[in-house]
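A.B. asks: Below are the structure tokens for one structure; questions will follow.
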Amino acid sequence: MPNDLYHDIKGAKRRELIKAAAAAGLLAAGGGLSTLAPAQSAKVKVGLMLPYTGTFAQLGVAIANGFKLAVDEQGKSLGREIEYVTLDDESDPPKGADRANQLVTRDKVDVLVGTVHSGVQMGIVKIVRESGVLHIIPNAGVEAATGQLCAPNIFRTSFANGQPAYPMGKVVADRGLKNVVTLAWRYGAGEESVAGFKDSFLKGGGKIVKELWLPFPNVEFQSLLTEIASLKPDAVFVFFAGGGAAKFLTDWKAAGLKGRIPLFGTGFLTEGVLEAVGDAAEGIETTLHYGDGIDTPKNRAFRLAYAKTFKLQPDVYAVQGYDAGLLFAAGMKAVKGDVSKKKEMIAAMRVASIDSPRGKMTMSKAHNPIHDMYLRKVVGKENRVTGVAMKALDYPPSGTCKMPA
Ligand code: PHB
């Protein structure tokens, strides 16, 4: 500990050492030996717990890229330098709580950013609720995180699982497509997506012919596609993402269903996979809080900076990571980098209005985004925005969150 090192040093030698320590950023503002580390001028530790392997690996990388881009752009205005601790959660739910605990207890992160998979997210939520560590969810949509398990220190910059699916139910019902089969991975994200779709689809007079499921991250679609072909529904709604979505789109086309049965999904079905699937996704319509061709100065600047920095095109995951960085920055600026003032940070983050590449984003009372939901259509290598399916959507209603003071 620096205190032990310095406590018996006297006179000029002592003053020299203090000067050197201050220059090296070891002393707290106000100086004095008694105020040596843990110092206000030390770097702020951000834990990035994300999938860097497996079917969601690309999503994790895009989120980390987006977060770092936002932090770099904010630069000195954050008040402190940032240091990252990166941890792969492998999208493996049993590892969630242990890995989060490792970041909190061993690495002592000031902020935990993560993750992608709803099951892993439940483990993180447990740890951040117990420890009180500031937490930003940049993807996983598990509704409990901003529902029954909501907490002042938990924020989300992505979506609740039902949120992108809810507008799609209305779109399909409004087109007079009555009999629908749903197909999804059977875990939190799949189940809550299907529930969000059904919520508006049933209200609109639609009927679910059959709900089909397969375990995450299984991609053996063959027998399910055969069943869909024999059911002959008016349309199919699916939830898949990442590598699994690419495989599904390819298999859907190979089974001869493309063009025969209208296919709809949340935008995750076609995000970040268009390069990989050739023309298998052409024409597919989805709903999501981001899309290509949002013609705002913010989105143009973001896309340019992202492409330049990472030599990749950004997608919704990159945007969610970027916005997690902007939300974190809103908190940091309010306390001039003094993360020990957690209550003030949280207060600033609650009321932040984020100028996101997606458009304006604010936090609901439950700390989940309120944002526009776009209708998009795959045209070539783009998820082109064709309209706004629902404006400023706050869903599911924040009623299940009883936010502790
Ligand atoms: C989730 O598990 O919550 C999840 C994963 C990938 C997505 C969306 C949701 O694209």
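A.B. asks: How big is the dipole moment of the range 231-334 about its Cα centre under a simple scheme where the beta carbon of each Lys and Arg is +1, that of each Asp and Glu is -1, and everything else is neutral? Debye, nearest 20, please. Could the numbers behind the result be given before it?
C.D. replies: Numbers: 11 positive and 11 negative charges, 48 e Å.
Dipole about the Cα centre, nearest 20: 240 debye.
A.B. asks: Okay, next question. Diagonalise the Cα gyration tensor of the range 166-288 and give the resulting equivalent ellipsoid semi-axes, square root of 5 times each eigenvalue, largest first, whole Å. Don't skip to the end; give the middle numbers.
C.D. replies: Numbers: eigenvalues 81, 46, 42 Å².
Output for the range 166-288: semi-axes of 20, 15, 15 Å.
A.B. asks: A further question follows. Accessible area of the chain with a 1.4 Å probe: how many percent of it is carbon plus sulfur?
C.D. replies: 55
A.B. asks: Okay, next question. Measure nothing fancy, just the Cα-based angle from helix 57-74's long axis to the longest principal axis of the chain, in degrees from 0 to 90, nearest 10.
C.D. replies: 50
A.B. asks: Quick one: among 206, 293, 243, which has the greatest mean-square fluctuation in a GNM of the chain with alpha-carbon springs under 10 angstrom?
C.D. replies: 293
A.B. asks: Using the Cβ atoms and a cut-off under 9 Å, what net charge is assigned to the surroundings of residue 51, where Lys and Arg are +1 and Asp and Glu are -1? Could you put the intermediate results ahead of the total?
C.D. replies: Working: positive: none; negative: 88, 89, 90, 92.
Summing Lys and Arg as +1 and Asp and Glu as -1 gives -4.
A.B. asks: Still on this structure, please answer the following. What ranking, highest mean first, results for peptides 133-144, 345-356 when packing means the other Cβ atoms within 10 Å averaged over each residue? Don't skip to the end; give the middle numbers.
C.D. replies: On the way: 133-144: 26.1, 345-356: 18.4.
In descending order of packing, they fall as 133-144, 345-356.
A.B. asks: Helix 222-231 versus the longest principal axis of the chain: what angle, 0 to 90°, nearest 10, using Cα atoms?
C.D. replies: Approximately 50 degrees, to the nearest 10.
A.B. asks: Okay, next question. Give the lysines reachable from residue 247 as a straight Cα distance under 20 Å; neighbours fewer than 8 places away on the same chain don't count.
C.D. replies: By straight Cα distance, residue 247 reaches 258, 377, 381.
A.B. asks: So if I take the centroid of the Cα atoms in the range 164-228 and the same for the range 49-67, what is the distance between those two points in Å?
C.D. replies: Distance between centres, Cα-based: 26 Å.
A.B. asks: Given the pairs 68/95; 76/308; 108/311; 95/402, which are separated by over 23 angstrom at their Cα positions? All intermediate terms of the calculation are to be shown ahead of the outcome.
C.D. replies: On the way: 68/95 25 Å; 76/308 21 Å; 108/311 32 Å; 95/402 28 Å.
Check vs 23 Å cut-off fails for 68/95; 108/311; 95/402.
A.B. asks: List every residue whose amide H lies under 5 Å from the amide H of residue 371, counting only residues 5 or more places away in sequence or on a different chain, with H placed 1.01 Å from N in the peptide plane.
C.D. replies: Hits under the 5 Å cutoff: 393.
A.B. asks: Between helix 11-23 and the chain, what is the angle of the helix's C-alpha long axis to the longest principal axis, kept within 0 to 90° and rounded to the nearest 10?
C.D. replies: Tilt relative to the chain: about 20 degrees.
A.B. asks: Another question about this same structure. The chain: D in µm²/s via Stokes-Einstein (Kirkwood Rh, Cα pairs, 25 °C, 0.890 mPa s)?
C.D. replies: Working: Rh = 22.1 Å.
Answer, rounded: 111 µm²/s.
A.B. asks: Additional query: With +1 on each Lys and Arg Cβ and -1 on each Asp and Glu Cβ, how big is the dipole of the chain about its Cα centre, in debye rounded to the nearest 20?
C.D. replies: Details: 50 positive and 40 negative charges, 204 e Å.
That gives a dipole near 980 debye.
A.B. asks: Quick check: residue separation of residue 351 and residue 309 times 0.36 nm, minus the Cα distance between them. What number comes out in nm?
C.D. replies: Working: separation 42, 0.36 × 42 = 15.12 nm, distance 3.00 nm.
Length gained between residue 351 and residue 309: 12.1 nm.
A.B. asks: Let a ≥ b ≥ c be the square roots of the eigenvalues of the Cα gyration tensor of the range 53-139; is it rounded (a/c under 1.5), or, if not, prolate (a/b larger than b/c) or oblate?
C.D. replies: On the way: a/c = 2.19, a/b = 1.28, b/c = 1.70.
Cα axes put the range 53-139 in the oblate bin.
A.B. asks: In percent, how large is the relative contact order of the chain, given Cα pairs closer than 8 Å and 6 or more residues apart? List each step's numbers first, then the result.
C.D. replies: Values: 867 pairs, mean separation 69.7, N = 405.
About 17 percent, as a whole number.
A.B. asks: Same structure, new question: Accessible area per residue for the chain in Å², computed with a 1.4 Å probe and the full protein assembly in place, what is it?
C.D. replies: Working: 16740 Å² over 405 residues.
Accessible surface, normalised per residue, equals 41 Å².
A.B. asks: Among 86-98, 192-204, how do they line up from the highest to the lowest mean number of other beta-carbon atoms within 10 Å? Don't jump to the answer; show the numbers that get you there.
C.D. replies: Details: 86-98: 18.7, 192-204: 22.1.
My ranking of the peptides, most packed first, is 192-204, 86-98.
A.B. asks: What length, rounded to one decimal in nm, is gained on full extension from residue 232 through to residue 43, with 0.36 nm per residue of separation minus their alpha-carbon distance? Mind showing how you got there, number by number?
C.D. replies: Details: separation 189, 0.36 × 189 = 68.04 nm, distance 5.86 nm.
Residue separation times 0.36 nm, minus the Cα-Cα distance, leaves 62.2 nm.
A.B. asks: Place the peptides 369-378, 308-317 in order of packing, highest mean first, counting for every residue the other Cβ atoms within 10 Å and averaging per peptide. Show your work: numbers first, answer last.
C.D. replies: Working: 369-378: 22.9, 308-317: 18.4.
Descending packing order for the listed peptides: 369-378, 308-317.
A.B. asks: Please list, in order along the range 128-140, the HN-Hα scalar couplings obtained from phi with the Karplus expression 6.51 cos²θ - 1.76 cosθ + 1.60 (θ = phi - 60°), rounded to whole Hz, x for Gly and Pro.
C.D. replies: The phi angles translate into 6, 5, 5, 8, x, 5, 4, 9, 10, 8, x, 7, 2 Hz.
The values are calculated or read from the model by the stated rules, or taken from the named source; none is laboratory data. Not measured: the values here are computed from a predicted model. Cβ: placed from backbone, ideal geometry, glycine included. Neighbour counts: every protein chain shown. Heads up: the accessible areas ignore ligands, DNA and RNA and are worked out on the full protein's heavy atoms, side chains in. Shrake-Rupley method; radii C 1.70, N 1.55, O 1.52, S 1.80 Å.
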